[in-house]
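The values are calculated or read from the model by the stated rules, or taken from the named source; none is laboratory data. Remember, it's a predicted structure, so these values are computed and weren't measured experimentally. All Cβ positions, even for glycine, are placed from backbone atoms using ideal geometry, and neighbour counts span all protein chains on display. Note: accessible area is taken over every heavy atom of the protein model, side chains too, but ligands, DNA and RNA are not part of it. Shrake-Rupley method; radii C 1.70, N 1.55, O 1.52, S 1.80 Å.
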Amino acid sequence: MYKEQIDKNRLPHHVAIIMDGNGRWAQQRGKQRTAGHQEGAMRVHDIMEAATRLGIDYLTLYTFSTENWNRPEEEVSALMALLLQHLEQDLFMKNDARFRVIGDVSRLPQQVQDAVNHLIEVTKDNSKTCLVLALSYSSKWEITKAMRNIASEVADGKLSSDGITEQTITEHLETNFMPEPELLIRTGGEQRLSNYLLWQCAYTEFYFTNTYWPDFDEEQLCKAIVDYQGRQRRFGKTGEQVKDEESK
Ligand code: IPE
Ligand code: IPE
Ligand code: MG
């Protein structure tokens, strides 16, 4: 069991997941792609509960990208309907979990926007894992928006151009309420970021698995965390420097 191998004192605070492979999971079973999305939605529940049990502070799930708007209309509508169906208050209350969203929420159907805003409001005082869905999200969209906001603050004299630091950019991103992910998991076999958290993943550890998202479970999440905990994060220093610092 990988769960028992986890060092509870060195848990990642923020785990980001690119939930990929729903369509292929369904096609492999001779089903419609939507059947894969339905099964995938169940895994969101399971993994959120697992993250809460483990004590992970932030779980950021790539749910619908800016580019996913280009999928066939039936698939987009099916995904929006699934979202509405799964934004369940009870699940969050039962797990004392918070809900947040990153992305261009204004592009979502009004009903989904209302459900999202309601769930954010009613869960805001919960104290365990914060489940963050990336909806109509892409990193380039997010960075462009941040640049625009920074530029208008400079134009208004609220900020000087010399005053722009890395911190300024971080604070203008959608993710400004959470730490950067220590671990990013991508299911489904592809090894790419697909426009997810480009700035935030500057020093993130990547974990790729061939498992399709509908087959991903708590044990595999634990396996990824154990793998992460076995790595030495050097942030540009030498391995010896890192060891010295750890032994202090
Ligand atoms: C991920 O699964 C879910 C979304 C992108 C909405 P996919 O739908 O991309 O599944 P594959 O990659 O086609 O198998
Ligand atoms: C990334 O998956 C987006 C989400 C998981 C929501 P995609 O399936 O859209 O990514 P690409 O197109 O294979 O890169
Ligand atoms: Mg995919």
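A compact table of results
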| read-out | value |
| --- | --- |
| Some residue of region 200-208 being within 16 Å of ligand 1 (Cβ to nearest atom) and closer than 20 Å to Met42 by Cβ | no |
| Residue list for region 154-209, filter: assigned to a loop (DSSP other than H, G, I, E, B), under 19 Å from Tyr137 (Cβ atoms) and basic (Lys, Arg) | Arg192 |
| In region 35-57, the residues that are within 21 Å of the chain's Cα centre (by Cα), within 16 Å of ligand 3 (Cβ to nearest atom) and not acidic (Asp, Glu) | Gly36, His37, Gln38, Gly40, Ala41, Arg43, Val44 |
| Cβ-Cβ under 7 Å pairs, at least 6 apart or on other chains, region 182-209 side at pLDDT below 95, far side among the acidic types (Asp, Glu) and surrounded by fewer than 20 Cβ atoms within 10 Å (Cβ to Cβ) | none |
| Residue match in region 66-81 (condition: open to solvent by 30 Å² or more (accessible area, probe 1.4 Å), within 14 Å of ligand 2 (Cβ to nearest atom), within 13 Å of Leu133 (Cα to Cα) and not in a helix (DSSP H, G or I)) | no |
| Selection from region 92-111 of residues that are surrounded by 18 or more Cβ atoms within 10 Å (Cβ to Cβ) and either modelled with pLDDT under 95 or within 16 Å of ligand 2 (Cβ to nearest atom) (or both) | Val101, Ile102, Gly103, Leu108 |
| Ala50 without any contact (Cβ under 8 Å) to a residue 12 or more places away in the chain, surrounded by 18 or more Cβ atoms within 10 Å (Cβ to Cβ) and on the phi < 0 side of the Ramachandran plot | no |
| Residue tally, condition within 14 Å of ligand 3 (Cβ to nearest atom) and either within 20 Å of Asn9 (Cβ to Cβ) or hydroxyl-bearing (Ser, Thr, Tyr) (or both), over region 183-208 | 3 |
| Selection count where residues are open to solvent by 50 Å² or more (accessible area, probe 1.4 Å) and closer than 16 Å to Leu221 by Cβ, scope region 1-47 | 11 |
| Residues (within 16 Å of ligand 3 (Cβ to nearest atom) and either without any contact (Cβ under 8 Å) to a residue 60 or more places away in the chain or at positive phi (or both)) located in region 69-108 | Asn70, Arg71, Pro72, Glu75, Val76, Ala78, Leu79, Leu82 |
| Residue in region 168-192 that is farthest from Asp215 (Cα to Cα), counting only those that are open to solvent by 40 Å² or more (accessible area, probe 1.4 Å) and within 16 Å of ligand 1 (Cβ to nearest atom) | Arg192 |
| First in region 12-31 and in a loop (DSSP other than H, G, I, E, B), second anywhere and open to solvent by less than 10 Å² (accessible area, probe 1.4 Å) and away from ligand 1 (no atom under 12 Å from the Cβ), Cβ under 8 Å, 6 or more apart | Pro12/Ile56; Pro12/Pro181; Pro12/Leu183; Pro12/Ile225; His13/Ile56 |
| Matching residues in region 217-248 - criterion: being free of Cβ contacts under 8 Å to residues at least 60 places away in the same chain, part of a helix (DSSP H, G or I) and hydroxyl-bearing (Ser, Thr, Tyr) | Ser247 |
